Amino acid sequence: MQRIISPSMLSADFGHLERDTHMIDKSAAEWVHIDVMDGVFVPNISFGFPVMKAIRKATSKLLDVHLMIVDPEKYVTRFVEAGAGIVTFHYEATLNAKGCIDMIHQAGAKAGISIKPATSVEVLRDILPMLDLVLVMSVEPGFGGQAFMPEAIDKVAQLRAMIDQLGTNTIIEVDGGISSRNSRLLFDAGAEALVAGSSVFGAANPAAEIENMLQS
Ligand code: DX5
Ligand code: ZN
């Protein structure tokens, strides 16, 4: 299975966004994770299109957009137009997941759904064949720098079994509290992509921390 690291730009230095994006661009990370928060779905506000466009200009890597917003169907197409390669929205944020997935695909990107820690992987069984990615949250969405919730490892294993049983190519991504200390457990459980914010941008050598996660 492949191993992908997606550094979360939420932990970058926004006063030096171009510098930090270039640093990720030169690293072994394949994706760049973009956390969009609306202050309604989560109790925090991050950034939107102008910041994402600045990041888009500074890297050719795939932008892995994680929408923590209500009514994502209103915005998914614009995120694809702004350069997203993957658009992931929250299962808990919409009653129209299938419509949202269709809109993302029609706009030309890959579609993902994220589940909060309290949401069971079983809710995804019917829509899994439509999904390119499932993002398992290993913290409550809203803030970087929180402690990893180990229950996420079981969810990854359950999802891996479901994906293998259905025979789909869905990528499992995990987000929250991830570093080289727990990356191996997640890859071994069947994850293929790991998001890492504070562990990368807080490291003395971010590129080495990314390598350490990949080699763990
Ligand atoms: C949390 C975000 C995460 C966050 C991860 O709501 O979805 O992507 O930036 O940050 P760390 O790796 O510090 O937990
Ligand atoms: Zn995220």
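The values are calculated or read from the model by the stated rules, or taken from the named source; none is laboratory data. Because the structure is a prediction, the values reported are computed rather than measured. Note that we place each Cβ from the backbone using ideal geometry, even for glycine, and neighbour counts take in every protein chain shown. When the accessible area is computed, the model is the full protein with side chains, heavy atoms only, and any ligands, DNA or RNA have been set aside. Shrake-Rupley method; radii C 1.70, N 1.55, O 1.52, S 1.80 Å.
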#### Entry: Meets criteria (of a type in the set (V, I, T), within 14 Å of ligand 1 (Cβ to nearest atom) and either on the phi > 0 side of the Ramachandran plot or surrounded by fewer than 22 Cβ atoms within 10 Å (Cβ to Cβ) (or both)) for V139
yes
### Task
Could you figure out which of (1) more than 12 Å from ligand 1 (Cβ to nearest atom); (2) touching a residue at least 40 places away in the same chain (Cβ under 8 Å); (3) charged (D, E, K, R) isn't true of R184?
(2)
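Yes or no, residue by residue, for (1) small (G, A, S); (2) within 16 Å of ligand 1 (Cβ to nearest atom):
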position	(1), (2)
R56	no, no
H66	no, yes
E73	no, no
V80	no, no
C100	no, no
G108	yes, no
L124	no, no
### Message
Residue pairs, Cβ under 6 Å, 6 or more apart or interchain, first in region 191-206 and closer than 13 Å to G177 by Cβ, second within 11 Å of ligand 2 (Cβ to nearest atom) and outside any strand (DSSP E or B). List them.
### Response
L194/I178; A196/I178; G197/L10; G197/S11; G197/G144; S198/S11; S198/G144
## Note on the structure
Note: among T88, T59, T77, just one is in contact (Cβ under 8 Å) with a residue 24 or more places away in the chain, open to solvent by less than 60 Å² (accessible area, probe 1.4 Å), hydroxyl-bearing (S, T, Y) and closer than 22 Å to A191 by Cβ, namely T88
### Query
Which members of region 79-99 meet the condition of being outside any helix (DSSP H, G or I), over 14 Å from the mean Cα position of the chain (by Cα) and of a type in the set (A, V, I, L, M)?
A82, L95
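Any residue at all in region 62-69 that's assigned to a loop (DSSP other than H, G, I, E, B) and either among the hydrophobic types (A, V, I, L, M, F, W, C) or surrounded by fewer than 19 Cβ atoms within 10 Å (Cβ to Cβ) (or both)?
Start the filter on region 62-69 by keeping residues that are assigned to a loop (DSSP other than H, G, I, E, B), which leaves 69.
From what's left, either among the hydrophobic types (A, V, I, L, M, F, W, C) or surrounded by fewer than 19 Cβ atoms within 10 Å (Cβ to Cβ) (or both): 69.
So far as region 62-69 goes, yes, one or more of its residues are assigned to a loop (DSSP other than H, G, I, E, B) and either among the hydrophobic types (A, V, I, L, M, F, W, C) or surrounded by fewer than 19 Cβ atoms within 10 Å (Cβ to Cβ) (or both).
Among the residues of region 24-35, which ones are away from ligand 2 (no atom under 12 Å from the Cβ) and crowded, with 21+ Cβ neighbours inside 10 Å? Lay out the reasoning, then the answer.
Going residue by residue through region 24-35, those that are away from ligand 2 (no atom under 12 Å from the Cβ) are 24-30.
Scanning region 24-35 gives I24, A29.
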### Message
Looking at D38 and the list (1) over 16 Å from G197 (Cα atoms); (2) among the acidic types (D, E); (3) open to solvent by less than 50 Å² (accessible area, probe 1.4 Å); (4) away from ligand 2 (no atom under 15 Å from the Cβ), which single condition is not satisfied?
### Response
(4)
### Query
Here are S46, S6: which of them is in contact with an Asp or Glu (Cβ under 8 Å, 6 or more places away or on another chain), in contact (Cβ under 8 Å) with a residue 24 or more places away in the chain, within 12 Å of ligand 2 (Cβ to nearest atom) and open to solvent by 10 Å² or more (accessible area, probe 1.4 Å)?
S46
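Just the residues that are hydroxyl-bearing (S, T, Y), surrounded by fewer than 23 Cβ atoms within 10 Å (Cβ to Cβ) and either over 11 Å from S8 (Cβ atoms) or within 11 Å of ligand 2 (Cβ to nearest atom) (or both), please, taken from region 177-203. Spell out how you get there, then give the answer.
As a first pass, look at region 177-203 and keep what is hydroxyl-bearing (S, T, Y): 179-180, 183, 198-199.
Subset that is surrounded by fewer than 23 Cβ atoms within 10 Å (Cβ to Cβ): 179-180, 198.
Scanning region 177-203 gives S179, S180.
So if I check each of G112, G144, which one is assigned to a loop (DSSP other than H, G, I, E, B), modelled with pLDDT of 95 or more, within 30 Å of E81 (Cβ to Cβ) and touching a strand residue (DSSP E or B) at 6+ places or on another chain (Cβ under 8 Å)? It would help to see each step written out before you state the result.
Details: G112 fails: assigned to a loop (DSSP other than H, G, I, E, B).
Answer to the selection: G144.
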